[in-house]
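In what follows, a single structure is set out as structure tokens and then discussed.
The values are calculated or read from the model by the stated rules, or taken from the named source; none is laboratory data. As the structure is a computational prediction, the values presented were derived from the model and not from experiment. Please note: Cβ atoms are built from the backbone with ideal geometry, for glycine as well, and neighbour counts cover all protein chains shown. Areas reflect the complete protein model, heavy atoms only, side chains present, ligands, DNA and RNA absent. Shrake-Rupley method; radii C 1.70, N 1.55, O 1.52, S 1.80 Å.
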Amino acid sequence: MIRSSLSTWPPRLALVLFLAAPLAGLALPARGEPAADLTRALHELQELIWRDPWTAREHLNALRPEVARAEARIQALYYQRLAFALMNLYVGDEFERAVEAGLASLTPGAPAETRLFLELFDGIRARRAGDYARARQRMEQVVEEARTRGLEFLAVFAMAELGFTRSVAGDNELALTELQRAYAMAVARRDDFLIAFVNESFGAFYGYINAYDESIAHYQKALDTYDELGYTVYEAEATYGFAISYRYARRWEAALASFRRYRELTEGGSSDHGRFMAHYGLGMTYAEMDDCASALPNIGLALGTEGPLDFKAELYKRQAVCLAGRGDAAGARGAIAAARNIFDQFTELEGTRWVLEVDKALAQVEARLGDSTRAFALLLAYHEDMLALERKNASERLMTLRLDLENARKDHEIELLREQARVDALELEQQRRDNRAQRLTTASWIGATCIVVGFLAYQLRNTRRFRDLSSRDELTGLYNRRFIFNHLEKLTRDLPEDRGELSIVLIDVDDFKGINDRYGHPAGDCILETMAELGRGQLRPGDEMARVGGEEFLCILPRTPVAQARAVAGRLLDSIRQHRFILPDGTPLQVTVSIGLAAFGPGCRDADSLYAAADHAMYRAKSAGKDRLTTAS
């Protein structure tokens, strides 16, 4: 990761300013020149900030005496430029001081663009400090005002920053929406750098949700553009993104090569940040390769260099496992405690995989120190928490992406229809003013009306079709997760607490991943389709069945007490157990399922608690040997 206080995934560099008009040279004003010369010099520094922020910083520091005597408007512009250069360099707290000075120099009449960039920098500063709520608030305000004022370049960057900030905090649905909007605007502007910048943001986002192939593809697009533009600092950022994606994808050699390439690209700046990030990446990669002899020296060098605290927490986790392998119990537990202390300072990361992985590291430590019982308990709890997190991320991401694309397309169609109607109305009005023949006017109206009515009819059919598609699983034809959970929530909300009868059955295909790995995904799809058919055959009129996960199905049994629900679930279990599944290549296969059952009642009076009870019962069935039905207690 490059930005500080952002867990362990490398985002892009932060904000850039509007591209200034190409200027020939760098003309620094002599002492005593008017304010216009100083303003021009600050604008002429923009291209240098893009290509060589270290040299730009030196020039800006040379201008400081002149700026100290200038009016507030010029001081604000100066600190805006300085903050931008320093943000890319990570030089101590100089960036924070520049942002503070810039905000302090703002006056009521300050240019909106200068003020909004400084406010956006302030949001980035808050994010680096782990205050994600304040960072989001700042960035949302900048996006809204920038779009209102027509500052599209600034709006795209603020949206990309906001999308990234949301993804860090685990709000993947809104993050994806924000990045889609930013990309659409960047493409509309035909701005290569903006497109690359948003692609780099997508690379970071997909890395956070474990979609590493997509992450690498977006980083590659960004890297190609940065290389063409000659922006070495941005090239380094994208290279680091490659390295992290390769590392999480367990492509070790590619990861190590990318980390070394990143160090080459940042060597010239003599930055502690660059050295820290290089040693961090190498140490983490070697540790995950279980090469502790190579990992511990790099981890030690990184911990001894100034760097983001949450990055150091990741290093402590890896250091603990390696030290435990050497028998250093005190050192290993001390490293785990150091990681926990750091994450305690970042409350908005609670429940994310970065914090959950502390328990995984502790389980590995206990296992290497010989306490297998405690290690197993810790590892089991970690996997349950991660499974819940992965299920949440996957369902939100896929459903939101589909609905966003459909809604965006419908919005475009409606807007086109409105625009066409306006054009038709203007043409008809002009025809009347020109006293054209009534026959031509009438025919035009009829033609326009037919077009509009036909288009509206077509749109209505499409809208109905999209509505049906949005509630169905494409593979099995069953209801999808969003529909069934909305339906369950409505049922539980309307059900009397004292005499309501409602049961749900949660079904999970046993060893489904092994089936996919051995026979291929077409075989897995065939099994899921057959499961849907068997379910339809066993359920009663009024019962509902949906596919809510990869190999997970949920059945709702209204007006059904638990004893009757057990009978229905038992028939379904026997039906699947006795069925002879035939794969696409003709191979016969025996498939079993684990079923969890829960009923409306004390402790299960809403959709969430009812589903959680069934989910827990299903995992008890898994733990008890699979191929069985377990009822929630």
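Annotations for the structure displayed:
- Between the beta carbons of T55 and L301, assuming R0 = 30 Å, the FRET efficiency works out to 0.60 to the nearest 0.05.
- Segments 80-87, 576-583, 297-304 sorted - mean Cβ within 10 Å per residue, highest first: 80-87, 297-304, 576-583
- Note on R605/L475: beta-carbon distance plugged into 1/(1 + (r/R0)^6) with R0 of 51 Å gives a FRET efficiency of 0.95.
- The simple Förster model, with R0 at 56 Å and r as the Cβ-Cβ distance, assigns D272 and I582 a FRET efficiency of 0.35.
- With eigenvalues of the C-alpha gyration tensor scaled by 5 and rooted, segment 291-385, Å: 20, 19, 9
- Stretchable slack from H43 to E228, in nm (0.36 nm times residue separation minus alpha-carbon distance): 64.3 nm
- Distance between the 7 Å Cα→Cβ label points at D344 and A612: 2.5 nm.
- Computed with a 1.4 Å probe over protein heavy atoms only, the accessible surface of segment 145-255 comes to 34 Å² per residue.
- Between Q564 and Q220, the contour length at 0.36 nm per residue exceeds the Cα-Cα span by 118.2 nm.
- The H on the amide N of Y479, modeled in the peptide plane, is under 5 Å from the matching H of D473, M545, R547, each at least 5 residues off or on a different chain.
- Projected over every direction and averaged, the convex hull enclosing the alpha-carbon atoms of segment 77-226 yields 8.9 nm².
- Too-long pairs where the Cα-Cα distance tops 20 Å, listed order kept, from K513/K622; K490/K622; K317/K360: K490/K622
- Annotation: for a label point projected 7 angstrom from Cα along Cα→Cβ of D93, residues of segment 116-151 with backbone N closer than 20 Å are 119, 121-132, 134-135.
- Extension reserve of the W252-R571 stretch, reckoned as 0.36 nm per residue once the Cα distance is removed: 110.0 nm
- Listed peptides 526-539, 319-332 appear in the order 319-332, 526-539 once ranked by packing, highest mean of other Cβ atoms within 10 Å at the front.
- The radius of gyration of the Cα set in segment 140-257, together with its Dmax, comes out at 14.3, 48 angstrom.
- Ordering of 364-371, 501-508 by packing [mean C-beta count within 10 Å, highest first]: 501-508, 364-371
- Distant-in-sequence amide H partners of F581 (H built 1.01 Å from N, under 5 Å): L589, V591
- Across every direction, the projection of the convex hull enclosing the Cα atoms of segment 222-345 has a mean area of 7.9 nm².
- The phi torsions of segment 180-185, fed into the Karplus equation with coefficients 6.51, -1.76 and 1.60 and a -60° offset, translate into couplings of 4, 5, 4, 5, 4, 5 Hz, rounded to whole numbers, with Gly and Pro shown as x.
- Solution diffusion estimate, µm²/s, Stokes-Einstein, segment 192-266, Kirkwood Rh from C-alpha pairs, 25 °C, viscosity 0.890 mPa s: 207
- In order along segment 230-244, phi translates into HN-Hα couplings of x, 9, 4, 4, 5, 4, 5, 4, 5, 4, 5, x, 3, 4, 5 Hz, rounded to whole numbers, per the Karplus curve 6.51 cos²θ - 1.76 cosθ + 1.60 with θ = phi - 60° and x for Gly and Pro.
- Geometric descriptor of segment 41-125, per residue, is 85 Å³ (volume of the convex hull of the Cα atoms).
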